[in-house]
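Visitor: Take a look at the following structure, please.
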Amino acid sequence: MKKALIIGTGLGGLTTAMRLTTLGYKVEMVEKYHQPGGRLNQLKKDGFTWDLAPTFFSMSYEFDEFAKSCNLNLPFDFFPLDPLYTVNFAGNPKKFIIYKDIKKLAKEFGGIEPDFEKRMQEYLKKTGTLFHDTENRIIRKNFNTALQFAASLVSVPLKHGPLMLRSMWTEMNKHFTSYEVKVIFSLVAFFLGATPFDTPAVYSMLTYTELVHDGYHNVRGGMYRIVEGLVAELEKRGVKITYNTEIKSYLQNDKGIEAFVDNNGKQWKSDVYVVNADAASFRGEIFGRKAYSPQKLDKKKWTLAPFTMYLGLDSKVNGLEVHNYFLGQNFEEYSSKIFKNKISLDKPYYYVNVPTKANPEFAPEGCETIFILCPVPDLRHKLNWDDSEVLAQNIINDLSDRAGFNINEHLVTKTVLNPLHWESMFNLYRGSGLGLAHDLNQIGYFRPANTDEKFKDVFYVGASTIPGTGLPMAVISSRLVTEQIVKRYGTV
């Protein structure tokens, strides 16, 4: 029986482990953190519970494909969101509610976007066609050579070509006139760690996935149920996970990797190694590859870093929904300058999740759990985070004013994590929240490959390899890397 060692227990690692055990591999996993999940994790404190980072997901059918391929009944239950989220602009008393129903959605923009329903239907038709024309040609496919990638690009209908050359914001301007509409349907780029001003227009397909194709979903009992369910299934299959264990170096022989070495000097030997750490920085930090040195990596485009807060209140909050965005009136200036720390964080843009509105067990009776995410510059551009408490209080004060509820008076517990924390906990390069961004020179073949360029027994899964960042992408990534392993080593 062939053995696979998986380094990291993020969603990509867990789903890869499940796929490999289905194919007969013996799997063992090591994890730096004290519990599984990577960024898909959980915090418990003072009787309150929070999902650590992801709070919803799209493309649920990727989980269905995964379950079918692993002869598995999904060990968690998810349900669709509708409405999807609300958006609040500073100085505007109206709260925009984003429904999947286009007629309901049109009423939200009555008076500010002429012919909204017609414009949105045209936009969704275009982005839907783009999605279906690229999903199997680009998104769900391995590329072993530049020629393969070029051939796949050429196979995409020519009409989509201009979307590779203009930005998502430019595409928005071609379809809509109001500031609010353009900002709201660009948020999917901003809160994935990029901006619509430098994200290629091909990613406008994400609006189609959220409104039409599959929408967004929550998990009953919280997102961490995904991790807990998968780990329980892996335990049934004899998979052992060792925590508080960080890979620091390696030994090699004539055939490839002889062993990886952890922080305690222990050697981990296997037939196959799958790295669920960042596929770019691991190559630099562990293998010492010049192409992935800090100097080279710092020149790449990375997603924004997370500044997160976990609040527990002794009262319910009526002014918030499950998923909420709080924005200013200077979106273009703010999003163009936030990456390089060139704008003040006195009035930051942020996302608020109130999980207790969907899962009341996340807090004691009569209490509320609140999670806040504020995208901020990574550690290349802002290394000193001594002002974390100041930023946290700015956000709490702003949210209190705009929600009409004094959070400070009801605050029972507060935990603040800045990019330094995130870098330390999960080895996120420079604190970047979601790994490498999705520029045209960082997608497909041009993204760090899921097969190592030197060692034939080393593979990669996760955000910074193909196809990209996000929970469904991690599940696809596990399928793609398993295909590569089977191609090289076969099933057992």
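The values are calculated or read from the model by the stated rules, or taken from the named source; none is laboratory data. These numbers come from a predicted model, not from an experiment. Please note: Cβ atoms are built from the backbone with ideal geometry, for glycine as well, and neighbour counts cover all protein chains shown.
Visitor: So for segment 84-93 (the condition being touching a helix residue (DSSP H, G or I) at 6+ places or on another chain (Cβ under 6 Å) and either assigned to a helix (DSSP H, G or I) or over 29 Å from SER432 (Cα atoms) (or both)), does at least one residue qualify?
Guide: no
Visitor: While we're on this one: Looking at (1) free of Cβ contacts under 8 Å to residues at least 12 places away in the same chain; (2) touching a Phe, Trp or Tyr at 6+ places or on another chain (Cβ under 9 Å); (3) among the aliphatic types (A, V, I, L, M), can you tell me which one VAL154 breaks?
Guide: Among (1) free of Cβ contacts under 8 Å to residues at least 12 places away in the same chain; (2) touching a Phe, Trp or Tyr at 6+ places or on another chain (Cβ under 9 Å); (3) among the aliphatic types (A, V, I, L, M), the lone unmet condition for VAL154 is (2).
Visitor: Restricting attention to segment 192-233, which residues are part of a loop (DSSP other than H, G, I, E, B), surrounded by fewer than 20 Cβ atoms within 10 Å (Cβ to Cβ) and among the hydrophobic types (A, V, I, L, M, F, W, C)? Before the answer, list the steps.
Guide: First pass over segment 192-233, keeping only residues part of a loop (DSSP other than H, G, I, E, B): 192-199, 214-215, 220-223.
With surrounded by fewer than 20 Cβ atoms within 10 Å (Cβ to Cβ) added as a condition, the list becomes 197-198, 214-215, 220-221.
PHE197, the sole residue that qualifies.
Visitor: Restricting the search to segment 342-372, which residues are modelled with pLDDT of 95 or more, hydrophobic (A, V, I, L, M, F, W, C) and either more than 16 Å from ALA403 (Cα to Cα) or touching a Cys at 6+ places or on another chain (Cβ under 6 Å) (or both)?
Guide: Scanning segment 342-372 gives PHE362, ALA363, CYS367.
Visitor: Inspect all residues belonging to segment 413-424 and state whether any of them is within 19 Å of the chain's Cα centre (by Cα), without any contact (Cβ under 8 Å) to a residue 12 or more places away in the chain and not in a loop (DSSP other than H, G, I, E, B).
Guide: Initial filter on segment 413-424 (within 19 Å of the chain's Cα centre (by Cα)): 417-424.
Filter once more, keeping what is without any contact (Cβ under 8 Å) to a residue 12 or more places away in the chain: 421, 424.
Those left that are additionally not in a loop (DSSP other than H, G, I, E, B): 421, 424.
Among the residues of segment 413-424, at least one is within 19 Å of the chain's Cα centre (by Cα), without any contact (Cβ under 8 Å) to a residue 12 or more places away in the chain and not in a loop (DSSP other than H, G, I, E, B), which makes the answer yes.
Visitor: Check VAL352 against each of (1) on the phi > 0 side of the Ramachandran plot; (2) buried (at least 21 other Cβ atoms within 10 Å of the Cβ) and name the one condition it does not meet.
Guide: Going through the list (1) on the phi > 0 side of the Ramachandran plot; (2) buried (at least 21 other Cβ atoms within 10 Å of the Cβ), VAL352 breaks only (1).
Visitor: For segment 98-116, which residues satisfy the criterion of being surrounded by fewer than 15 Cβ atoms within 10 Å (Cβ to Cβ) and not in a loop (DSSP other than H, G, I, E, B)?
Guide: Of everything in segment 98-116, those that are surrounded by fewer than 15 Cβ atoms within 10 Å (Cβ to Cβ) and not in a loop (DSSP other than H, G, I, E, B) turn out to be LYS103, LYS104, LYS107.
Visitor: Being over 19 Å from the mean Cα position of the chain (by Cα) and assigned to a helix (DSSP H, G or I) is the filter here, so list the residues in segment 437-455 that pass it.
Guide: Here is the first cut: in segment 437-455, the ones over 19 Å from the mean Cα position of the chain (by Cα) are 441, 445-446, 451-455.
Residues satisfying the conditions are ASN441, TYR445, PHE446.
Visitor: Would you check which residues across segment 204-237 are β-branched (Val, Ile, Thr), touching a Leu at 6+ places or on another chain (Cβ under 8 Å) and more than 12 Å from PHE56 (Cα to Cα) and list them? Walk me through how you get there before you give the answer.
Guide: Step one: of segment 204-237, the residues β-branched (Val, Ile, Thr) are 207, 209, 212, 219, 226-227, 231.
Now drop any that are not touching a Leu at 6+ places or on another chain (Cβ under 8 Å), which leaves 207, 212, 226-227, 231.
If the condition is that a residue be β-branched (Val, Ile, Thr), touching a Leu at 6+ places or on another chain (Cβ under 8 Å) and more than 12 Å from PHE56 (Cα to Cα), then THR207, VAL212, VAL227, VAL231 are the ones that fit.
Visitor: Quick one: which of LEU434, LEU383 is closer than 25 Å to THR465 by Cα and not in a helix (DSSP H, G or I)?
Guide: On inspection, the qualifying residue turns out to be LEU434.
Visitor: Among TYR334, TYR310, which is outside any loop (DSSP other than H, G, I, E, B), modelled with pLDDT under 95 and out of contact with any Asp or Glu (no Cβ under 8 Å at 6 or more places or on another chain)?
Guide: Numbers: TYR310 fails: modelled with pLDDT under 95.
Going through TYR334, TYR310 in turn, the sole match is TYR334.
Visitor: On to the next question. Every residue in segment 154-179 that is within 21 Å of THR209 (Cβ to Cβ) and either buried (at least 17 other Cβ atoms within 10 Å of the Cβ) or aromatic (Phe, Trp, Tyr) (or both), please.
Guide: Correct list: VAL156, HIS160, LEU163, SER167, MET168, TRP169, GLU171, MET172, HIS175, PHE176.
Visitor: In segment 234-254, how many are crowded, with 16+ Cβ neighbours inside 10 Å, out of contact with any helix residue (DSSP H, G or I) (no Cβ under 9 Å at 6 or more places or on another chain) and of a type in the set (Val, Ile, Thr)?
Guide: Here the count works out to 1.
Visitor: Mind telling me which of the residues PHE78, PHE116, PHE48, PHE57 ends up being over 30 Å from PRO419 (Cα atoms) and either touching a residue at least 24 places away in the same chain (Cβ under 8 Å) or within 25 Å of the chain's Cα centre (by Cα) (or both)? Working first, answer last.
Guide: Numbers: PHE78 fails: over 30 Å from PRO419 (Cα atoms); PHE48 fails: over 30 Å from PRO419 (Cα atoms); PHE57 fails: over 30 Å from PRO419 (Cα atoms).
Going through PHE78, PHE116, PHE48, PHE57 in turn, the sole match is PHE116.
Visitor: Restricting to segment 168-201, give me the number of residues that are among the β-branched types (Val, Ile, Thr) and at pLDDT 85 or above. Spell out how you get there, then give the answer.
Guide: Residues of segment 168-201 that are among the β-branched types (Val, Ile, Thr), as a first pass: 170, 177, 181, 183-184, 188, 195, 199.
In the following step, the residues that additionally are at pLDDT 85 or above were identified as 170, 177, 181, 183-184.
The number of residues fulfilling the criteria is 5.
Visitor: Could you look through segment 454-471, keep only residues that are hydrophobic (A, V, I, L, M, F, W, C) and over 15 Å from LEU428 (Cβ atoms), and pick out the one that is surrounded by the most Cβ atoms within 10 Å (Cβ to Cβ)? Lay out the reasoning, then the answer.
Guide: Quick first cut of segment 454-471, residues hydrophobic (A, V, I, L, M, F, W, C) only: 455, 458-459, 461, 463, 466, 471.
This time we only want the ones that are over 15 Å from LEU428 (Cβ atoms), so: 455, 458-459, 461, 466, 471.
Working: PHE455: 15, VAL458: 23, PHE459: 26, VAL461: 34, ILE466: 28, LEU471: 25.
If we take residues in segment 454-471 being hydrophobic (A, V, I, L, M, F, W, C) and over 15 Å from LEU428 (Cβ atoms), then VAL461 is surrounded by the most Cβ atoms within 10 Å (Cβ to Cβ).
Visitor: Another question, if that's okay. Name the residues in segment 337-356 that are part of a loop (DSSP other than H, G, I, E, B) and out of contact with any strand residue (DSSP E or B) (no Cβ under 6 Å at 6 or more places or on another chain), would you?
Guide: Let us first name the residues in segment 337-356 that are part of a loop (DSSP other than H, G, I, E, B), namely 338-349, 354.
Within segment 337-356, ILE338, PHE339, LYS340, ASN341, LYS342, ILE343, SER344, LEU345, ASP346, LYS347 qualify.
Visitor: Condition test on GLU233, is it more than 23 Å from MET473 (Cβ to Cβ), acidic (Asp, Glu) and modelled with pLDDT of 95 or more? Explain how you work it out, then say what you get.
Guide: Values: more than 23 Å from MET473 (Cβ to Cβ): no; acidic (Asp, Glu): yes; modelled with pLDDT of 95 or more: yes.
So GLU233 does not fit the description; no.
Visitor: More than 26 Å from LEU480 (Cβ to Cβ), out of contact with any His (no Cβ under 8 Å at 6 or more places or on another chain), surrounded by fewer than 23 Cβ atoms within 10 Å (Cβ to Cβ) and among the small types (Gly, Ala, Ser) - does that describe any residue in segment 268-275? Step through it out loud before you land on a result.
Guide: First, the residues of segment 268-275 that are more than 26 Å from LEU480 (Cβ to Cβ): none.
So far as segment 268-275 goes, no, none of its residues is more than 26 Å from LEU480 (Cβ to Cβ), out of contact with any His (no Cβ under 8 Å at 6 or more places or on another chain), surrounded by fewer than 23 Cβ atoms within 10 Å (Cβ to Cβ) and among the small types (Gly, Ala, Ser).
Visitor: Out of GLU180, GLU171, I need the residue that is within 24 Å of the chain's Cα centre (by Cα) and either part of a helix (DSSP H, G or I) or more than 24 Å from ILE102 (Cα to Cα) (or both). Which one? Before the answer, list the steps.
Guide: Values: GLU180 fails: within 24 Å of the chain's Cα centre (by Cα).
Exactly one residue qualifies, and that residue is GLU171.
Visitor: Sticking with this structure for a sec: Go through segment 236-246 and count every residue that is closer than 17 Å to HIS34 by Cα and in a helix (DSSP H, G or I).
Guide: Adding up the residues that qualify gives 0.
Visitor: Moving on. Taking the condition of being over 22 Å from VAL322 (Cβ atoms) and of a type in the set (Gly, Ala, Ser), how many residues in segment 353-391 meet it? If you could, list the steps in order and put the result at the bottom.
Guide: Let us first name the residues in segment 353-391 that are over 22 Å from VAL322 (Cβ atoms), namely 376-391.
The next check asks that each one be of a type in the set (Gly, Ala, Ser); those that pass are 388.
Here the count works out to 1.
Visitor: Here is a follow-up. Restricting segment 362-371 to residues that are of a type outside the set (Phe, Trp, Tyr) and crowded, with 22+ Cβ neighbours inside 10 Å, which is farthest from VAL188 (Cα to Cα)?
Guide: Filtering segment 362-371 for residues of a type outside the set (Phe, Trp, Tyr) gives 363-370.
The next check asks that each one be crowded, with 22+ Cβ neighbours inside 10 Å; those that pass are 363, 368-370.
Values: ALA363: 29, GLU368: 26, THR369: 24, ILE370: 21 Å.
That would be ALA363.
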